[in-house]
1. B:W60 accessible area, nearest 10 Å², 1.4 Å probe?
2. Past 19 Å, Cα to Cα: identify those pairs from A:K70/B:K38; B:K4/B:K38; A:K21/A:K65; B:K34/B:K80, in the order given.
3. Which FRET efficiency value, to the nearest 0.05, is calculated for A:S205 and B:R72 with the Förster distance at 45 angstrom and r the Cβ-Cβ distance?
4. Aspartates and glutamates within cross-link reach of B:K73: Cα-Cα under 12 Å, excluding same-chain residues under 8 positions apart?
5. Please identify the trypsin sites (Lys or Arg not before Pro) of the range B:7-110 that satisfy two criteria: DSSP loop assignment and at most 12 other Cβ atoms within 10 Å. Which are they?
6. Assuming 0.36 nm per residue, please report the length gained on full extension of the stretch B:S102 to B:K34 beyond their Cα-Cα distance.
7. Within the range B:14-110, list the GluC sites (Glu not before Pro) lying in a DSSP loop whose Cβ has at most 14 other Cβ atoms in a 10 Å radius.
8. If B:I61, B:I41, A:I88 are ordered by their accessible area, calculated over protein heavy atoms with a 1.4 Å probe, which sequence runs from highest to lowest?
Amino acid sequence: MFNVDEAITAWRHQMAAGGIKAPEVLDELESHLRDDVEEQVWSGASQESAFEAAARRIGKSKALKNEFGKVNRHGAWGLRANPAALSILAAWLILMGLGNMNLSLLLFNGFRLPHYSAGQLLWASLSVILGAALFCRRWRVLATAWFALNIAAIVWPIAAHGLSASLYAYAPHLGAPGETVRYLVLSLLPVPYPVFYAFELLKASMWLFGVLLLAGPSIGNLFRRASA
Amino acid sequence: MLSKELVAASAEPLILSLLSGGESYGYAIIQEIKARSKARIRWTDGMLYPVLHRMESEGWIASRWVEAENGRKRKYYSIKKNGKQALEQQREQWLTVHSVLSGLWKEKYV
């Protein structure tokens with residue numbers, strides 16, 4: 001005797017094995033399948049033939065997987081990025097932004113170096129705003145550009161002035177700009193210079209992670225189109 | 001029956017137009033389009049969902065699960081502000097094509 005529930009369970013397994021693994025997508029397809037079966041049965045078809053026709057109309061898992069794959073690939077700037085990874089990125093951006101928001105130094109420098117303080121405030125504000133904006137799909141392009149800019153801000157001084165000069169720029173006790181909470185804390189501790197560089201490397205990795213996470217699918221798309 | 005290409009190209013404006021009249025779910029959308037087109041527009045049922053998901057990721061439509069009285073769950077889609085703007089743009093494009101074709105055919109057949 002045909003059992004529609006058992007048939008649907010088997011159909012779900014078959015779809016999952018074919019690559020449609022997301023439970024929500026399977027639930028939605030199952031809901032469609034049940035609607036179709038119900039209507040056919042109401043019109044006089046047997047449950048078995050109704051199920052077979054409905055499953056056939058939904059299509060094969062491979063074709064569906066390809067179509068769902070296109071949604072992910074063609075979504076603007078990888079909009080389906082993993083939410084957990086996005087949260088880590090956003091937390092990092094906000095932390096970096098707040099770390100730069102060194103109010104006491106801002107007040108001191110506000111008199112001595114107003115343009116520098118304004119720049120620092122703008123930089124910090126942008127970090128916080130874009131960190132929060134990561135959760136807003138439409139602003140992620142800007143956040144990605146921000147990550148790329150941050151990578152450039154780390155790589156450029158090293159490329160242009162060499163390691164020793166860039167170290168000078170990052171060490172506040174040497175009198176160079178770069179007064180932030182993290183550098184103050186680090187400069188008070190008896191840490192060797194490699195620690196500064198390790199921190200810069202961590203920062204650069206995070207920015208790179210951000211670019212790959214947000215723009216990765218779009219970059220992948222460009223390669224796919226170029227090779228097609 | 002419409003060609004595969006035309007069916008694919010018209011899917012978004014059809015869905016957006018339909019949803020601008022109120023929220024709906026996949027199976028009902030297919031049935032409605034089938035009825036309105038007198039079965040000349042036929043989508044492969046499963047293929048509607050990737051289109052809906054893409055439109056959702058574009059921010060044009062939103063979805064929510066609704067539980068019916070019999071305990072069955074259905075995912076309802078509704079149009080968002082961005083979707084209305086996208087529909088307006090697409091409407092203009094389709095009307096342009098329609099008006100050019102109408103003009104050309106009028107010259108030819110009248």
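1. In the full protein context, B:W60 sits at about 50 Å².
2. On the way: A:K70/B:K38 30 Å; B:K4/B:K38 16 Å; A:K21/A:K65 9 Å; B:K34/B:K80 24 Å.
In this structure, A:K70/B:K38; B:K34/B:K80 exceed 19 Å between Cα atoms.
3. On the way: r = 48 Å, r/R0 = 1.06.
Plugging the Cβ-Cβ distance into 1/(1 + (r/R0)^6) gives 0.40.
4. Within reach: A:E24, A:D27, A:E28, A:E30, A:D35.
5. Values: sites: B:K34, B:R36, B:K38, B:R40, B:R42, B:R54, B:R64, B:R72, B:K73, B:R74, B:K75, B:K80, B:K81, B:K84, B:R91, B:K106, B:K108; in loops: B:K38, B:R40, B:R42, B:R72, B:K80.
The qualifying sites are B:K38, B:R40.
6. Values: separation 68, 0.36 × 68 = 24.48 nm, distance 2.46 nm.
Going from the current span to full extension adds 22.0 nm.
7. Values: sites: B:E23, B:E32, B:E56, B:E58, B:E67, B:E69, B:E88, B:E92, B:E107; in loops: B:E23, B:E58, B:E69.
For GluC sites (Glu not before Pro) across the range B:14-110 that sit outside H, G, I, E and B with at most 14 neighbouring Cβ atoms in 10 Å, the list reads B:E69.
8. Values: B:I61 0, B:I41 25, A:I88 100 Å².
Per-residue accessible area, sorted high to low, gives A:I88, B:I41, B:I61.
The values are calculated or read from the model by the stated rules, or taken from the named source; none is laboratory data. In this text, all values refer to a predicted model and were calculated from it rather than measured experimentally. All Cβ positions, glycine included, derive from the backbone under ideal geometry; neighbour counts span all protein chains shown. Please note that ligands, DNA and RNA were not included when accessible areas were found on the heavy atoms of the full protein model with its side chains. Shrake-Rupley method; radii C 1.70, N 1.55, O 1.52, S 1.80 Å.
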